1. Exactly one of these conditions fails for residue 57: (1) open to solvent by 40 Å² or more (accessible area, probe 1.4 Å); (2) more than 20 Å from residue 162 (Cβ to Cβ); (3) in a helix (DSSP H, G or I); (4) at pLDDT 90 or above. Give me its number.
2. Please note which helices (runs of 4 or more DSSP H) are completely contained in the stretch 106-189 and include at least 1 residues that are buried (at least 17 other Cβ atoms within 10 Å of the Cβ) and touching a strand residue (DSSP E or B) at 6+ places or on another chain (Cβ under 6 Å).
3. Looking at 171, 191, which is the one that is out of contact with any helix residue (DSSP H, G or I) (no Cβ under 7 Å at 6 or more places or on another chain), among the basic types (Lys, Arg) and touching a residue at least 24 places away in the same chain (Cβ under 8 Å)?
4. What tally of residues in the stretch 224-246 results from selecting those that are open to solvent by less than 10 Å² (accessible area, probe 1.4 Å) and either more than 19 Å from the chain's Cα centre (by Cα) or not hydrophobic (A, V, I, L, M, F, W, C) (or both)?
5. Could you please find all residues in the stretch 23-42 being open to solvent by less than 20 Å² (accessible area, probe 1.4 Å) and either modelled with pLDDT of 85 or more or closer than 19 Å to residue 85 by Cβ (or both)?
6. Of everything in the stretch 390-399, what is under 13 Å from residue 291 (Cβ atoms) and among the aliphatic types (A, V, I, L, M)? Give them in sequence order.
7. Which one is most open to solvent (accessible area, probe 1.4 Å), of the residues in the stretch 60-91 that are among the charged types (D, E, K, R) and closer than 23 Å to residue 206 by Cβ?
8. Within the set of pairs 6 or more residues apart or between chains, which connect a residue that is closer than 20 Å to residue 135 by Cα and of a type in the set (A, V, I, L, M, F, W, C) inside the stretch 147-158 to a residue that is open to solvent by 20 Å² or more (accessible area, probe 1.4 Å) and assigned to a helix (DSSP H, G or I) with Cβ atoms less than 6 Å apart?
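The values are calculated or read from the model by the stated rules, or taken from the named source; none is laboratory data. All of these numbers come straight from a predicted model, not from anything done at the bench. Note that we place each Cβ from the backbone using ideal geometry, even for glycine, and neighbour counts take in every protein chain shown. Please note that ligands, DNA and RNA were not included when accessible areas were found on the heavy atoms of the full protein model with its side chains. Shrake-Rupley method; radii C 1.70, N 1.55, O 1.52, S 1.80 Å.
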Amino acid sequence: MLRFARRFHVLAVDLGGLMIKVGQFLSSRLDVLPPEITKELEGLQDEVPPVAFPAIRALAEAELGAPLGQIFAWVDETPIAAASLGQAHRARLLAADAAEAGHEHVVLKVQRPGIDEIVDVDLAALRKVGGWLSHVSIVSKRADMPALVEEFALTSLEEIDYLHEAANSERFAADFEDDDRVDVPAVIWDRCTRRVLTLEDVTAIKITDAEALRAAGIDPVEVAPVFASVMFDQMFTNGFFHADPHPGNIFVTPVADGSPGQSWKLTFIDFGMMGEVPASTRAGLRKLLIAAASRDGKGLVTAISDVGVLVPSADTVELERAMTHLFARFGGKGFAELREVDPREFRDFAVEFGDVVRSLPFQLPENFLLIIRAMSLTSGVASALDAKFNLWDSVEPYAAQLIRDERGNIVSDVAAQALDAAGLVLRLPQRIDGLIGRVEEGSLQVATPRLERQVARLDRTAQRAASALIFGALLIAGAVVRADDVVLGSVLMLVSVLPLLHGLWVGRRGI
């Protein structure tokens, strides 16, 4: 494995461009990949060989339209980070610019010369591979590979447009404006172009540098759940998330005057690769998270269908049974615990349910590629911070909070259904009268006392059924809400008596 990782490392550095992105992704998967691989590929996160400064200077001056000495008071020729698409240098603003910006020290991020051509070649190769795979039935049934490649291509092309990255940075900052846990560098717009980006210098402790964290009095174990929660907020609440949260893009910044109990914050950088979750998909993901936290196999399958991973025609009975069994055997265990499980248990489970899962019409929605990437990197970084990190420990309280947040929506839905049912009850006698009138005016004259008694009985039955429906809905809603809000729950349960009495009165009237 070590030999394989070393070969891949050399290949990635040699090819550059998007291949380094693949290596970064693999190096962060500490939760599933052996340390021989992840440790060897760590250097790809932020240790890519730098471009000589004269080439960087030439590109920056061409973009900014003036010598760097006239734009900045000082620029460090030694890069603080060299990434696959560009590299960063510390710099200092001129006095007038610093006074206007509110800070003097900045980071000058410049694209690698010729990176446009490298990305074009990489994407052309990916399009070829995607086209070939689209003719392989086992792949084409699961995903529209050309569409996925185009999604990745769009994201990659946006990533090499620094003006787009600057806009993403400000949007991300706005999402967390009132959150003391998160910080984002300010953008110096007057010093930005498509290939040059100037940002406030927020360099701090790399999130996975456990030794430096402890030296600053920060326990890495405490950072892991906060990082996971912030990533959950991005995907399940905001719908706009950092799709490249590898350790090189996240700092832990000590805060001297932070809020009580919060002596540090997470500082995100590099907003070139961002993902968006449509409202419909976000609702499905929230359901999926809640179902996973409650170990609800049936609910999980329903959520998977809502998100679009399963086609509507899929027969999910066996999958529900498989997921229920999966939760019973492995649910709630962290990755450290799963590593200790007898491999034969996993093999038995795979044999038992593998055919069921493979036979179902799974598909990979286009907007799922970045979601999967972000969740994978989140899990890997959290595991690096805490070897015993259990994702369930972060998912369960977050899912509980989602349920509390959506409690008002549940009550609103119940109230809306009750109003609809009440409206139906009020309109039903008039509609029945109209129906009788039309029958009487038709070619078939019907005007018998027996029919009128049957219609009246139908009317009373419908009213009793509607009353029972409203009673049950209010009672159940009150019972659910009362666990978190005693007053509101009690009011709903008391109000449910009214439709119950109405149903009893209608029933007695019809005796």
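1. Here residue 57 clears every test but (2).
2. Once the helices (runs of 4 or more DSSP H) in the stretch 106-189 are filtered for at least 1 residues that are buried (at least 17 other Cβ atoms within 10 Å of the Cβ) and touching a strand residue (DSSP E or B) at 6+ places or on another chain (Cβ under 6 Å), what remains is 162-175.
3. Exactly one residue qualifies, and that residue is 171.
4. 6
5. Matches in the stretch 23-42: 23, 24, 27, 28, 41.
6. 395, 399
7. 77
8. That search, which allows pairs on different chains as well, returns 148/369; 149/126; 149/127.
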